[in-house]
Amino acid sequence: MANQNLSNAKTAKNDEFYTQYHDIEVEVNAYLEYDKDMFRGKTVLLPCDDPEWSNFTKFFAQKFQTLGLKKLISTSYAPESKKYKYGYQPSLFEADDPKFDAAKTQTHGKIFVLERDKTGDGRIDYQDIEWTYLEGDGDFRSREVCKLRDEADIIVTNPPFSLFREFLAWIMDANKKFLIIGNMNAVTYKEVFPQIKDNQIWLGATGNGNDMVFAVPEGSIVSDSDKAKAERMGYVGNYTRLGNSCWFTNLEHGRRHQPIPLMSASENLKFSRHKEIKGRQDYIHYDNYDAIEIPYTDAIPSDYDGIMGVPKSFLDKYCPEQFEIIGIAEGDSGKELGLKPFPPEYKKMNPSLRKGQLYYMEDGYPVKPYARILIRKKQ
């Protein structure tokens with residue numbers, strides 16, 4: 001299953017997934033295409049990123065001058081505080097330093113700072129990183145890491161999947177700019193969706209809902225199928241593929257302002273590449289809400305002015321100038337939108353029916369589509 005590893009991470013608190021350098025580079029470059037000075041003069045905090053393993057730190061350290069950064073701060077989490085212990089061994093970078101403490105390296109987090117040419121070679125890069133031990137274990141919720149958050153202009157990282165809600169709230173409480181990786185399903189969270197609806201956060205520029213490969217510690221709990229998929233993509237060894245990951249951000253990128261090219265309703269019904277649409281007389285209308293069912297983003301009719309239920313993958317192409325988001329048909333949110341309850345006998349016919357979710361009748365059978373976001377074309 002595409003998101004099995006994400007589910008495992010949430011259940012088992014197995015949060016050790018290391019992002020690939022290429023994925024970071026492609027995403028950040030998209031923001032620079034929109035504004036070449038996006039990071040200039042900024043302090044960037046990477047609060048879940050030990051430079052010995054983190055490609056986020058390597059990327060921003062090597063691009064320090066190109067990006068025009070003011071300061072780069074990276075913090076790591078103590079091995080002994082992690083749910084799963086993987087036999088942490090300090091690298092020569094740490095062990096050869098006079099500050100090295102064999103006990104502290106297990107129980108304390110570390111802070112890495114880059115802001116000056118320490119080596120005197122005329123440039124600021126990875127070789128100029130300076131480090132010391134934190135007072136605590138490096139938990140992002142600790143007072144000392146919160147202080148670093150407050151100092152930063154932009155927060156960039158791959159946070160613990162099991163703590164995504166809390167981590168995002170930690171950022172938003174401080175009103176910070178950010179770029180982080182999460183599970184595409186997070187768009188349905190009650191802590192996340194209202195902010196997407198209000199255009200306070202949005203999906204990043206690249207790779208959303210597609211395969212992303214992550215390095216994992218040896219012995220990690222990953223599915224054989226996802227490890228095999230990573231191998232087919234050229235990543236052999238301690239890697240896994242997550243098919244439902246995406247970027248979340250409040251950094252502006254021009255790609256989200258590009259309107260989705262669409263056909264009219266009649267054109268879709270005649271020419272759509274999707275068998276669920278092509279050849280029908282009309283779009284399916286929900287039985288418990290005044291809206292039509294749109295199973296694919298490219299099947300949205302350009303000339304329909306009413307409300308439409310679209311898959312959450314729509315958010316990858318969502319243009320706020322083209323559409324407005326009405327709400328999400330999930331649980332309490334769906335009830336608040338006024339979705340009518342289904343007749344009790346329908347539950348016997350389709351046990352997957354849930355209150356607050358959409359359904360429609362097809363050949364006398366109640367069908368419940370997967371989570372739908374309700375949208376309407378802007379006039």
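The values are calculated or read from the model by the stated rules, or taken from the named source; none is laboratory data. What you see is a predicted model, and the numbers here were worked out from it, not measured in a lab. Glycine also receives a Cβ, built like all others from the backbone with ideal geometry; neighbour counts cover every protein chain displayed. Please note that ligands, DNA and RNA were not included when accessible areas were found on the heavy atoms of the full protein model with its side chains. Shrake-Rupley method; radii C 1.70, N 1.55, O 1.52, S 1.80 Å.
Assorted remarks:
- Binning the C-alpha pair distances of the range 89-216 at 5 Å intervals from 0 yields a P(r) profile of 2, 8, 15, 17, 17, 16, 13, 8, 4, 1, 0 %, listed from the shortest bin outward.
- Over all distinct Cα-Cα pairs of the chain, the Kirkwood formula returns a hydrodynamic radius of 22.8 Å.
- Principal semi-axes in Å for the range 260-322 [√(5λ), Cα gyration tensor, largest first]: 17, 15, 11
- Intensity falloff of the range 171-263 expressed as log10 I(q)/I(0), Debye formula with alpha-carbon point scatterers, at q = 0.19, 0.23 Å⁻¹: -0.95, -1.11
- Accessible surface, the chain, averaged per residue in Å² (probe 1.4 Å): 47
- Accessible surface ranking for LEU69, LEU337, 1.4 angstrom probe, highest first: LEU337, LEU69.
- Per principal axis, descending, Cα span of the range 108-176 in whole Å: 42, 25, 21
- Measuring only protein heavy atoms, the 1.4 Å probe finds VAL145 accessible over about 0 Å².
- Distance in nm between pseudo-label sites at GLU25 and ASP97 (7 Å out along the Cβ direction from Cα): 2.6
- Across all Cα atoms of the range 233-379, the radius of gyration (one decimal) and Dmax (whole number) stand at 17.4, 52 Å.
- Dipole magnitude of the chain about its Cα centre (Cβ charges: Lys, Arg +1; Asp, Glu -1), debye to nearest 20: 880
- With both labels modelled 7 Å from their Cα along Cα-to-Cβ, the ARG116 to ASP211 distance reads 4.7 nm.
- Cα convex hull of the range 211-271, projected area averaged across orientations, nm²: 7.6
- With all protein chains in place and ligands, DNA and RNA left out, the 1.4 Å accessible area ranks TYR289, TYR34 as TYR34, TYR289, largest first.
- log10 of Debye I(q)/I(0), alpha-carbon scatterers only, for the range 327-379 at 0.22 Å⁻¹: -0.80
- Extension gain (nm, one decimal) between ASP35 and TYR296, 0.36 nm per residue minus Cα-Cα: 90.8 nm
- For the chain, the relative contact order works out to 15 percent when only alpha carbon pairs closer than 8 Å and six or more residues apart are counted.
- The chain, helix-only ellipticity at 222 nm - DSSP H runs n ≥ 4, -39,500 (n - 2.57), divided by all residues, nearest 500: -6500 deg cm²/dmol
- Apportionment of accessible area to carbon and sulfur, the range 149-292, percent (1.4 Å): 45
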